[in-house]
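Asks: Before we start, here is the structure in question, set down as structure tokens.
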Amino acid sequence: MDTRAMARHFAESMIGHRNSLAGKVEDAVKAQYALHQTASALTDRHEDQHKAARTVLEHWKGDNSEGFEKRSGRLGRQLRVTADAARDAEKIVAGVSSALATGHARARQAVDEYLDQAVRLLDAGVAVGTRAALLKAVAAAADLEPRYTKETTATVRQVRAELEDAARKLRALEKDVEHDGVADGRPDRARGRTRPSNVRARGRSRTIISAARRELGTRENPPGSNRNPYGPTAAWCSSFTTAMWRKAGVDIPILPFTGDVYRWGQRRGKAYTNLSAAKPGDVLLFGSGPSSPSTSTHIGIVEKVSNGTVTLIEGNSGDSVRRNTHKLSSATFYGGVHP
């Protein structure tokens, strides 16, 4: 009697779960590498384009040079935004690769454990040599199967949820590239003039808030690790904030320390301490000042200001992206920054 073949028959569903995860890991790794190559190539092209345009403009002063400079700047921003999107997509797919690899390892372990136990039970029944002992061993192996199948089913369900979440984020990235804010200053063809700065600001704020809302519910993986899709493995409320601003075309690096965001605003005349200036799309800084992590403790994106309260979308709030409402008070916030 081939006891291992019989055990594999009982394990057919969980083996299917294991195999369904195996092929997807390789596909995800290939996609991650392709995105990495794309981001690198776009970054190189952006740098080459910037250098070439600068060289041309150093030697060209004329009626058309200003138009060339604007078109060149627009192309450079498009390349940068697309490269950033490719890097963000690479991080998303890296998370998928990790989830698939972990899920496959769990399913494989469950299959191996079940087969080992089931084969031992069946071999023991065969060794006794009676029909009753064999039937008892078969029943025991069959009874053992549902617990492991439940485990692999839960693993597949969890990985599927990770894949669906990644798909939503990738679709959002695609929209961000299509509506990246690069054209905020383009001529209004219907009226033949440039859009006013307040219109551009409102559009940018809407883009920031939309991007932040799409991230609601995103968690560290694994919990408590500070591993996040927005920046380095560290406290990531500020990385989240600056990543959302970058999606709206704000020329700001990923800044893991909240105080650096305020200093960035100070250098550009965008920081404020009068909290009545807070508007949707801004960030508010928690604490007493930007000097150190002990005084600048947290940061959030303003979603809404109403009746003395402010609703923020905050990264690293309980290890996830959350929406929280606070009293708009200097006891909580030391200042804010416009994007």
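The values are calculated or read from the model by the stated rules, or taken from the named source; none is laboratory data. Keep in mind that what you see is a predicted model, and the values were worked out from it rather than measured. Using ideal geometry, Cβ is built from the backbone for each residue, glycine included, and neighbour counts are taken over all protein chains shown. These accessible areas exclude ligands, DNA and RNA; they are computed on the full protein's heavy atoms, side chains included. Shrake-Rupley method; radii C 1.70, N 1.55, O 1.52, S 1.80 Å.
Asks: Whether any residue in the range 205-219 is at pLDDT 90 or above, over 30 Å from Ser97 (Cβ atoms), among the hydroxyl-bearing types (Ser, Thr, Tyr) and surrounded by 15 or more Cβ atoms within 10 Å (Cβ to Cβ) is what I want to check.
Replies: There is at least one residue in the range 205-219 that is at pLDDT 90 or above, over 30 Å from Ser97 (Cβ atoms), among the hydroxyl-bearing types (Ser, Thr, Tyr) and surrounded by 15 or more Cβ atoms within 10 Å (Cβ to Cβ).
Asks: Could you figure out which of (1) touching a Leu at 6+ places or on another chain (Cβ under 7 Å); (2) more than 30 Å from Arg246 (Cα to Cα); (3) open to solvent by 20 Å² or more (accessible area, probe 1.4 Å) isn't true of Thr102?
Replies: (1)
Asks: Taking the condition of being closer than 14 Å to Ser238 by Cα and hydroxyl-bearing (Ser, Thr, Tyr), how many residues in the range 308-339 meet it?
Replies: Summing the residues that are closer than 14 Å to Ser238 by Cα and hydroxyl-bearing (Ser, Thr, Tyr) in the range 308-339 gives 2.
Asks: Does Trp264 satisfy the criteria of being within 17 Å of the chain's Cα centre (by Cα) and farther than 27 Å from Ala161 by Cβ?
Replies: Judged against the criteria, Trp264 is not a match.
Asks: Of the residues Arg206, Arg263, which single one is of a type outside the set (Asp, Glu), outside any loop (DSSP other than H, G, I, E, B) and out of contact with any strand residue (DSSP E or B) (no Cβ under 9 Å at 6 or more places or on another chain)?
Replies: Of the residues listed, the single one that is of a type outside the set (Asp, Glu), outside any loop (DSSP other than H, G, I, E, B) and out of contact with any strand residue (DSSP E or B) (no Cβ under 9 Å at 6 or more places or on another chain) is Arg206.
Asks: Spot the failing condition for Thr311; the list is (1) farther than 20 Å from Pro229 by Cα; (2) out of contact with any strand residue (DSSP E or B) (no Cβ under 8 Å at 6 or more places or on another chain), and only one is missed.
Replies: So Thr311 meets the others, but not (2).
Asks: Out of the residues in the range 326-339 that are in contact with a Lys or Arg (Cβ under 7 Å, 6 or more places away or on another chain) and open to solvent by less than 30 Å² (accessible area, probe 1.4 Å), which is modelled with the lowest pLDDT?
Replies: So, considering only residues that are in contact with a Lys or Arg (Cβ under 7 Å, 6 or more places away or on another chain) and open to solvent by less than 30 Å² (accessible area, probe 1.4 Å), the one modelled with the lowest pLDDT is Pro339.
Asks: Residue by residue through the range 102-144, note down the ones that are among the acidic types (Asp, Glu) and farther than 30 Å from Ala28 by Cα.
Replies: Once the filter is applied, which keeps residues that are among the acidic types (Asp, Glu) and farther than 30 Å from Ala28 by Cα, the range 102-144 yields Asp116, Asp123, Asp143.
Asks: Which one of Gly76, Gly23 is more than 28 Å from Tyr148 (Cα to Cα) and either at pLDDT below 75 or exposed (fewer than 14 other Cβ atoms within 10 Å of the Cβ) (or both)?
Replies: After ruling out the rest, the residue left standing is Gly76.
Asks: Does the range 220-243 hold any residues that are surrounded by 23 or more Cβ atoms within 10 Å (Cβ to Cβ) and free of Cβ contacts under 8 Å to residues at least 60 places away in the same chain, and which are they?
Replies: Thr242
Asks: In the range 244-266, what count of residues is obtained for those that are open to solvent by 40 Å² or more (accessible area, probe 1.4 Å), more than 13 Å from Leu285 (Cα to Cα) and among the charged types (D, E, K, R)?
Replies: Residues that pass the stated criteria total 2.
Asks: Further question: So which residues in the range 287-331 are part of a loop (DSSP other than H, G, I, E, B), more than 19 Å from Pro256 (Cβ to Cβ) and free of Cβ contacts under 8 Å to residues at least 24 places away in the same chain?
Replies: Across the range 287-331, the qualifying residues are Asn307, Gly308, Ala331.
Asks: For the range 93-151, how many residues meet the condition of being among the hydroxyl-bearing types (Ser, Thr, Tyr) and modelled with pLDDT under 90?
Replies: Result for the range 93-151: 3.
Asks: Counting only residues that are open to solvent by less than 20 Å² (accessible area, probe 1.4 Å) and under 15 Å from Thr311 (Cβ atoms), how many does the range 276-285 have?
Replies: Qualifying residue count, the range 276-285: 5.
Asks: In the range 286-325, which residues are β-branched (Val, Ile, Thr) and open to solvent by less than 40 Å² (accessible area, probe 1.4 Å)?
Replies: Selection gives Thr295, Ile299, Ile301, Val302, Val310, Thr311, Ile313, Val321.
Asks: Any idea which of Asp143, Asp116 is under 21 Å from Asn19 (Cα atoms), without any contact (Cβ under 8 Å) to a residue 24 or more places away in the chain and part of a helix (DSSP H, G or I)?
Replies: Sole residue among the options that is under 21 Å from Asn19 (Cα atoms), without any contact (Cβ under 8 Å) to a residue 24 or more places away in the chain and part of a helix (DSSP H, G or I): Asp116.
Asks: Continuing with this model, one more query. Determine the pairs where a residue that is in contact (Cβ under 8 Å) with a residue 24 or more places away in the chain, located within the range 121-132, has a partner that is open to solvent by 70 Å² or more (accessible area, probe 1.4 Å) with Cβ atoms under 7 Å apart, the partner being 6 or more residues away or on another chain.
Replies: Every condition considered, the pairs that remain are Val126/Met1.
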